[in-house]
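Data block below; observations after.
Every read-out reported here was derived from the displayed coordinates using simple, explicitly stated rules and does not represent laboratory data. Note that this is a predicted model, so its numbers are computed, not measured. Every residue, glycine as well, gets a Cβ built from its backbone with ideal geometry; the counts of neighbours run over all protein chains shown.
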Amino acid sequence: MMRQNKLWCYALLALLFLGCSSKEGSNKSTEKGNVIEVNAGDGIDEIVRKSTLVVPTKEQYEWQKLEFIAFLHFGPNTFTGVEWGNGKENPAVFNPTAFDAEQWISVIKDAGMKMAMLTAKHHDGFCLWPTNTTKHSVKSSPWKDGKGDVLGEVVKAAHKEDIKIGVYLSPADLHEIERDGGTYGNGSKPKMVKIPSDPELQASAKKVFEYKLDDYDALFMNQLYEVLTQYGTVHEVWFDGANPKPGTGQQYNRKAWYDMIRQLQPEAVIAIKGPDVRWCGNEAGHTRKSEWSVLPVPVRPETYDWPDKTKDDLGSRAKLDGAKYLYWYPAETNTSIRHGWFYRDDKQYVKTVEELVDTWYRSVGGNTVFLLNLTPDRRGLIPDKDAARLREVGKIIRNSFKNNIASTASIEASEEDGKHTAKRVLDGDMDTFWKPVDGSEKAELIVSFGEEKAFNRVMIGECIQTQGQRIEKFTVDAWMNNEWTEIAEGTVVGFKNIRRFPMVKATKVRIRVLESRVAPTIAELGIYKASEMLSNPSIVRNKKGFVTLSCKTPDPEIRYTLDGSNPTSSSKRYEKPIALPKGGVVKAVAMIDNGKQTSEVVEARFDICSDKWTVKSTTSAQKGYGGEKAIDGNPRSMWHTPWSKDAPKHPHSIEVDLGEKLVLKGFSYLPRTDSRLGGVCKKYKFEVSSDGKKWQTVKTGAFDNIKNNPVLQEVRFPKSYSAQYIRFTSITNVSNDAYLSMAEIGVITK
């Protein structure tokens, strides 16, 4: 009996030990990976701990190191002047007169970009390589007698300069929707299909794939196969989620796409509608204050649909609470150098060097990769103005970060874990790092120069490849006048966080980590003296037609011209508002030090002002947001329909008396400018009248891509109309709800 009791006790102890070991193993795992499962019993502290185990794949990490990459939107839209083609374009419109891929790559390299990503097929379905899948391609164009290959020439030029290649392939295909017998949304049933389907390609293929596909998916996967097998190594494949004509019923077998990419191009990340890289959530280059790369996902990643992530908070502790899986899903910030993704004309707005450098800092310095779109023109070249600005951007960035003044300084930490010392922060190796002991979520580093140094940039990078993303909040302090003064603060770090501030002089710099997950890590710390740019002048015109010039830089001298020439130190000096009621072109430049330092030359084009205009009627308006706000010359105000639950539904109209008869060549619509999309018009109708009673519809249509890129929309009429009254009607908005918003309505007379 005693023996049996002892055996029972031993068995019970063994069970308890095994139970504890099992619990410890499931809840306290230290295995790292791209995805970590959250157990049902995990509390928020354990979920946070597990989030530090989530790390990028090798491909994601190599992509993150690119930092700054180029988009290239080129195709029939370049020649037709639209954002989204209709798929009915005659391939003959594609005929660049001086196409030079080497010029593209030269500009890209000088700008500091490390990848060129071409829109090999946009939504119109036109292919920029000689595909076997459709006649809607360069083979049917007069360019090079149908023997040209844009993708091939870009790849060849890029490889010569060690620039990596990315490929954009639109799943949406308007040509296959619109053509007789088109495959997109034709209702075909999925069946087993061999990829490549072409017998000659099959005969030479290293591997033939077989998937269950409908007619269009089979066509699309054959296109994908061609670009993945005929152009060398591809490092990013970009799938746009936009579809100009939804509702066809077409379904995609994305799992098959991903599988083939993984096998044919294992070094490539799959972006946007894919599992490796996510869209930042807008096309304006806006970035989040806190850009987390570790995100919660509700299901296993291989079954996830990868929807767009547009909310401001994606990965805070509050968002992790209750997560099922934690996943490494970094952001890519995309915007275009011009207003629009394709080249339109020489009047199209081109972002200034100041704007581009600012976006670079916010995106690259905010834990994202910056994807900047370039718009080759009808010659087939990056336009001269764009090229010059891009080269200047590259020069500024290189000069700003060529000398890390911390590299020769001494450094100490408030705490070290014994292995990962503070000195590793300054060794120039992103694979090594400083780290305090686990549980020390607050810690600090002090860098001592030994003498006073001037600087205005601080860069911090975490060791994401092995330690994940941990820092949640930090400050930068400078030792000045025998005391610490806070000069910058930030939230998350990730691969790279760059803080900008006015030039300071100090003998020491302190990084205080105020909040982190488990314990912070810092792989690299850089302190730099970047060139300080003279701010560009701002050009603003009010309702009465008076133009005001101003500059953020204190006390500059501003020179301007009205004849289209570039202003110089001998041009007219700005001293009072300029009367320009009939419109015109204003070019301005800011100068300091008697003209030794100048800003960029900036310009603004104005049409007739709205001084004589009156709003005759609107369908409805929220109190304080009446129709008069749409003609007040202030882009920050807006007309907005009521936002109550029982608000009037579309259509919404505004009628304006122009006060005189004008010859109208078009109109402009400025969406709200507060970075929100509520009420932004999608489909519209524009009417004109001589007496305000008899109306003529002169234009109907849709603002292509305005949801993702809500900038000034300019619409020109096929012919001119003489009228004193205009009526703009919003038929639907981008959210398909009841509301309409409008910052400004304008007319084009020039």
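For this structure, a couple of remarks:
- Relative exposure of Thr233, Thr352, judged by other C-beta atoms within 10 Å (fewest first): Thr233, Thr352
- A Cβ-based charge dipole, computed about the Cα centre of the chain with Lys and Arg at +1 and Asp and Glu at -1, lands at about 1320 debye.
- The angle separating the long axis of helix 150-160 from the principal Cα axis of greatest extent in the chain is about 50 degrees.
- Distance between modelled label sites at Thr30 and Asn95, nm, 7 Å Cα→Cβ extension: 6.9
- Zone residues, region 456-475, relative to Glu415, backbone N less than 14 Å from point 7 Å out along Cα-to-Cβ: none
- For the chain, the longest principal axis of the alpha carbon atoms and the long axis of helix 215-229 meet at an angle near 70°.
- Theoretical gain in end-to-end length, Arg636 to Lys395 [0.36 nm per residue, Cα-Cα removed]: 83.4 nm
- Applied to region 631-643, the Karplus parametrisation 6.51 cos²θ - 1.76 cosθ + 1.60 on θ = phi - 60° returns per-residue 3J(HN,Hα) values of 10, 8, x, 10, x, 8, 9, 7, 7, 9, 6, x, 10 Hz, with x for Gly and Pro.
- Backbone N under 11 Å from the Thr553 label point (7 Å along Cα→Cβ), restricted to region 563-607: 589-601
- Between Lys442 and Glu62, the simple label model (points 7 Å from Cα in the Cβ direction) yields a spacing of 4.2 nm.
- Mean shadow area of region 410-528 over all directions, Cα convex hull, nm²: 6.4
- Percent of Cα-Cα distances greater than 19 Å, calculated over region 554-671: 61
- The His159 and Thr507 beta-carbon pair, evaluated with R₀ = 45 Å, returns a calculated FRET efficiency of approximately 0.40.
- Gln597 paired with Lys324, simple spin-label distance in nm, labels 7 Å along Cα-to-beta-carbon: 5.6
- Under DSSP loop assignment and at most 16 Cβ neighbours within 10 Å, longest GluC sites (Glu not before Pro)-free interval of the chain: 576-750
- The slack in the chain from Lys289 to Lys309, taken as 0.36 nm per residue of separation less the alpha-carbon distance, amounts to 5.7 nm.
- A Cβ-based charge dipole, computed about the Cα centre of region 599-682 with Lys and Arg at +1 and Asp and Glu at -1, lands at about 400 debye.
- Helix 353-364 vs. the chain, principal-axis angle (Cα, 0 to 90°, nearest 10): 30
- Label of the coordinate-derived value, P(r) over Cα pairs in 10 Å bins from 0, in percent, listed as (1) 3, 14, 24, 25, 20, 11, 3, 0; (2) 2, 10, 13, 14, 13, 12, 11, 9, 7, 5, 3, 1, 0; (3) 2, 12, 20, 23, 21, 14, 6, 2, 1, 0, 0, 0: (3)
- Theoretical gain in end-to-end length, Lys544 to Gln202 [0.36 nm per residue, Cα-Cα removed]: 116.2 nm
- Per-residue HN-Hα couplings for region 247-260 [Karplus 6.51, -1.76, 1.60; θ = phi - 60°; Hz; x = Gly/Pro]: x, 7, x, 5, 10, 10, 9, 4, 4, 5, 4, 4, 4, 5
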